[in-house]
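Every number in this text was worked out from the coordinates using simple rules, so none of it is lab data. Just so it is clear, the structure is predicted and the values come from calculations on it, not from any experiment. Cβ: placed from backbone, ideal geometry, glycine included. Neighbour counts: every protein chain shown.
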Amino acid sequence: MKILSLIAGAGDMYCGSCLRDNSLAGELRKQGHDVILTPLYTPVRVDDVSFSGPRVFFGGISIYLQQMSALFRALPKFFDKLWDAPSVIKAFTGRGVEVDPKRLGELTVSMLRGEDGNQRKEIEHLAEWLRHEPKPDLVTIPYTLLIALAAPLRKVANAPIVCGLQGEELFLDNLGEPYRTQALDLIRRHVPQVDAFIAVSEYGKRHMSAYLDILPGRIHVVPLGVDVTGCRPKTTRAPGPTRIGYFSRIAPEKGLHLLADAYIQLRKSGRLPAARLEAAGYLPPEKKSYLAGQEDKLRQAGLAGEFQYHGAPDRAGKLAFLQSLDVLVMPTDFDEPKGIPFLEALSNGVPVIAPNRGAFPEMAAATGGGILYEKDALSEAILSLVNDPDRAQALSRTGYENVHRHWTLELMAQRTMDVFNRVTAASSPSVPSSATSSGAHLP
């Protein structure tokens, strides 16, 4: 199958959705499919091999300038090419991408207006390129923030459209009003132009069905898959302090402060013997003060020497980091629909502690490698593993075996192709299957 897959770059940030989409494209190619992975906004940063093409559409600089001034909306294409060059985009985004949803309200709404928005010229550039390319059998959009592209892409490609559901609700829920309401209304208006949606968890399917008024039968669940190459099980616990890990973006919603608080409480009470708190993950420039705040808390508690931030590692560094841990804690402060580090830790035999919310309950049940905690019970969950090494080892072994059997890139690609084959078989490219008021959808 020939697939045009759009992927949204996030500048210098390691983005979970980007990592998933890039890995999926690589595995689909490995399985014999012709995947054209086309970046939007910025070149894609991944921790391993990138499978995306060199040309960037909807360049982050262009869409910003077009949002700010009608002059840039009218300039000839030649000028857009100047600041859409990957080298130029990288130079401007090297210090991070502005991701504060409250400041991006107007731009988000404009993008969701599609051909009626300020970025109409960018849609024309993408359509013009696609007209001169071999026609795909199917087009994928990474998430609903780009759903306005469904109709124009269908018009040019005459192919069915599949849209991902990858946690964009966190961004949308933080948009200031009136932008949040406007954005949600626009997304719902574009839903009929999409043939099928793919969620990565049953939680994501249930939540987004209600959130965006999508019939549940039109949302297919394709569980995440991770690259298990180079992963190895932890057979015995290494001597020395218990190494408690955090691996995620450094941001309040990801909960590093909650883990720091629990760690301080346990160490000061004497209930947690010699230990270390190890953290890694992308640090947005605007969150440096947040990380400094956690370091300051630990310093005031006399525990500064027990904490280390390891930066944002590449794949080799990620494996080394995870394999050094005794337990990974994912203290997210929202309903996480993905949780890729949960699987990455288990693929290296590291048991996981996560809140009893979002996608974590189904991941813990399916892998058998994690334990869940209720609100305000993180400290006790940590102790339950530290004080029971046999249980920790059992979780490590079971989680490792299940991830290597059921949560691999190969299986994710195969399950994705099952959905794609059903979509192409059931959809008439010229008329979306969901366009009727009867709510027809794939069986």
Query raised in the report: Label points 7 Å out from Cα along the Cβ direction at A292 and N356: separation in nm?
Result: 3.9 nm
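Quickly rank 322-328, 262-268 as a protection proxy: mean count of other C-beta atoms within 10 Å, highest first. Please report the intermediate quantities before stating the final value.
On the way: 322-328: 21.9, 262-268: 20.0.
Those peptides, ordered most packed to least, come out 322-328, 262-268.
Taking 0.36 nm per residue of sequence separation and subtracting the Cα-Cα distance, how much length would be gained by fully extending the chain between E124 and D333, in nm to one decimal? If you can, show how the numbers build up before the last one.
Details: separation 209, 0.36 × 209 = 75.24 nm, distance 3.98 nm.
Answer, rounded to one decimal: 71.3 nm.
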Requested in this report: Before anything else, pin down the relative contact order of the chain: Cα pairs under 8 Å, at least 6 apart, normalised by residue count, whole percent.
Outcome: 15 percent
Query - Under-5 Å amide H pairs with A8, H placed in peptide plane, nonlocal only - result: L40
Requested in this report: Take peptides 20-30, 412-422, 350-360, 297-307 and line them up by average Cβ neighbours within 10 Å, highest first, as a rough protection proxy.
Outcome: 350-360, 20-30, 412-422, 297-307
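Please rank I382, I3, fewest neighbouring Cβ atoms within 10 Å first, as an exposure proxy. Walk me through the numbers on the way to the answer.
Values: I382 25, I3 22.
Lowest to highest Cβ neighbour count: I3, I382.
With +1 assigned to the C-beta of every Lys and Arg and -1 to the C-beta of every Asp and Glu, and no other charges, what is the dipole magnitude of the chain about the Cα centre in debye, to the nearest 20? Mind showing how you got there, number by number?
Details: 50 positive and 49 negative charges, 96 e Å.
Magnitude of the dipole: close to 460 debye.
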Requested in this report: Compute the distance in nm between two label points, each set 7 Å from the Cα along the Cα-to-Cβ direction, one at R315 and one at R271.
Outcome: 4.1 nm
Query - Three-way shape label, region 299-402, alpha-carbon gyration tensor, a/c 1.5 - result: rounded
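Can you put T398, T236, T38 in order of Cβ neighbours within 10 angstrom, beginning with the fewest?
Numbers: T398 17, T236 7, T38 21.
Result, fewest neighbours first: T236, T398, T38.
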Report task. Give the cysteines in the chain for which no other Cys Cβ lies under 4.7 Å away, or write none if there are none. Result -> C163, C231
Query raised in the report: Whole-Hz Karplus ³J(HN,Hα) for region 133-148, in order, using 6.51 cos²θ - 1.76 cosθ + 1.60 and θ = phi - 60°, x for Gly and Pro?
Result: 9, x, 5, x, 7, 7, 10, 10, 10, x, 7, 6, 5, 10, 5, 5
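Give me the dipole magnitude in Debye, nearest 20, for region 242-406 about the Cα centre, with unit charges on the beta carbon: positive for Lys and Arg, negative for Asp and Glu.
Values: 19 positive and 20 negative charges, 63 e Å.
It works out to roughly 300 debye.
Which of the peptides 239-246, 228-235 is most tightly packed, and how do the rest follow, judged by the mean count of other Cβ atoms within 10 Å per residue?
By packing density, highest mean first, the sequence is 239-246, 228-235.
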Report task. Taking 7 Å along the Cα-to-C-beta vector as the label spot, tell me the E253-R422 distance in nanometres, rounded to one decimal. Result -> 2.9 nm
**Report entry** Cβ-placed point charges (K, R +1; D, E -1), dipole of region 263-343 about Cα centre in debye, nearest 20
**Finding:** 220 debye
